[in-house]
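Shown next, in structure tokens, is the structure this report addresses.
The values are calculated or read from the model by the stated rules, or taken from the named source; none is laboratory data. Note that the structure is a prediction, hence the values are computed from the model and not measured. All Cβ positions, even for glycine, are placed from backbone atoms using ideal geometry, and neighbour counts span all protein chains on display. These area figures cover heavy atoms from the full protein model, side chains too; ligands, DNA and RNA do not enter into them. Shrake-Rupley method; radii C 1.70, N 1.55, O 1.52, S 1.80 Å.
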Amino acid sequence: MFTSLAGRSVIVTGASKGIGRGIARRFGAVGCKVLAVSRHLAEAEAVAADIRGAGGTAEAFAADVSRPEDCEAMAAVAEQALGGIDILCANAGIFPAAKLGAMTEADFDLVMGTNLKGTFLSVSACLPAMKAKRRGRIVVTSSITGPITGYPGWSHYGASKAGQLGFVRTAAIELAPYGITINAVQPGNIKTEGLDGIGGDYIAKMEASIPMKRLGTVDDIANAALFFASDEAAYITGQAIVIDGGQVLPESLMALEEMDVVPA
Ligand code: NAP
């Protein structure tokens, strides 16, 4: 797809499940050397083993992105095991729901500490290696929730995801002199194993609210991450791309009801 990616070293945080696992596998499939990171080593190692099983190159590392010392260790291991850090996919994130009134300070700090501070810490840890090479690609996983939409129970989550985009814009200016770009992907509703066990009714309602009438796949997100990480995207920085099947577009329910129904 993008010939510039083969042989590049990539750290993917939150790689043990969901979108991060999809990103790690896609980068592995195009010939990148992958460091799969999550807090649980066995689960990250299972993803690395998958990538190796498919003929790729991958290692695993356990790190909590909310801890500076873990992020420093993650970067050091990537340099040692993969020979450098060309690409960081700062994807780790959590989304526990709590409505205002019930949300505690600890709830707020946990979500901010993982999603927003974790992005800052992951990026900061990888910068020395990227600056030394005068080249780097950073792809942050934000969301439509926060920057564009809201959902009851997720005010802290939405703030963290909007905060990531603010971080990206200034970081892009600071990092441009070093040949480092930083961009974000904003997934809509993506089908991950987190939705397993959720009733078909819930999924059907989500699908009905999306003009493309389906949830996104992890590959839909991974393909955008691949593009931002490629040499071909060298002149794009500080930007965010929404990948949501058109979910944020309808201005009312009527807009969805007016859509043509085309037989499959
Ligand atoms: P997921 O399936 O729950 O996976 C989250 C990943 O992050 C896991 O690998 C988890 O592994 C890791 N993780 C969580 N806390 C961590 C920490 N403190 N340090 C390191 N790793 C940590 O979630 P997902 O749905 O794939 O979401 C991934 C990203 O996409 C998040 O940033 C989320 O906000 C964003 N997003 C998702 C959707 C969606 O529809 N799924 C939509 C918009 C945005 P461990 O538990 O082993 O640490």
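Of note:
- For region 96-136, a residue qualifies if it is within 11 Å of the ligand (Cβ to nearest atom) and either more than 20 Å from the chain's Cα centre (by Cα) or part of a helix (DSSP H, G or I) (or both), and the qualifying residues are Leu110, Val111, Gly113, Thr114, Asn115, Leu116, Lys117, Gly118, Thr119, Leu121, Ser122.
- Taking the criterion of being part of a helix (DSSP H, G or I) and either under 30 Å from the mean Cα position of the chain (by Cα) or not acidic (Asp, Glu) (or both), the residues of region 230-264 that qualify are Asp231, Glu232, Ala233, Leu253, Met254, Ala255, Leu256.
- Restricting attention to region 1-20, the residues that are crowded, with 18+ Cβ neighbours inside 10 Å and more than 7 Å from the ligand (Cβ to nearest atom) add up to 6.
- Among (1) on the phi < 0 side of the Ramachandran plot; (2) surrounded by 15 or more Cβ atoms within 10 Å (Cβ to Cβ); (3) at pLDDT 95 or above, the one test that Pro177 misses: (2)
- Scanning region 14-39 for residues that are more than 20 Å from Ser66 (Cβ to Cβ) and either out of contact with any helix residue (DSSP H, G or I) (no Cβ under 9 Å at 6 or more places or on another chain) or in a loop (DSSP other than H, G, I, E, B) (or both) yields Val30, Gly31, Cys32.
- Only one of the numbered conditions (1) exposed (fewer than 15 other Cβ atoms within 10 Å of the Cβ); (2) among the aliphatic types (A, V, I, L, M); (3) within 14 Å of the ligand (Cβ to nearest atom) is violated by Ala225, and that is (1).
- Inside region 181-208, residues that are in contact (Cβ under 8 Å) with a residue 12 or more places away in the chain and either more than 24 Å from Asn115 (Cβ to Cβ) or of a type in the set (Phe, Trp, Tyr) (or both) make up a count of 2.
- Flag if Ala60 is assigned to a helix (DSSP H, G or I) and at negative phi: no
- Among the residues of region 185-192, some residue qualifies, meaning at least one is open to solvent by 60 Å² or more (accessible area, probe 1.4 Å) and in contact with a helix residue (DSSP H, G or I) (Cβ under 8 Å, 6 or more places away or on another chain).
- Checked across region 151-160, the condition of being buried (at least 23 other Cβ atoms within 10 Å of the Cβ), without any contact (Cβ under 8 Å) to a residue 24 or more places away in the chain and closer than 29 Å to Gly246 by Cα holds for no residue.
- Search result, residues across region 137-148 that are more than 10 Å from the ligand (Cβ to nearest atom) and either surrounded by fewer than 22 Cβ atoms within 10 Å (Cβ to Cβ) or in a helix (DSSP H, G or I) (or both): Pro147, Ile148
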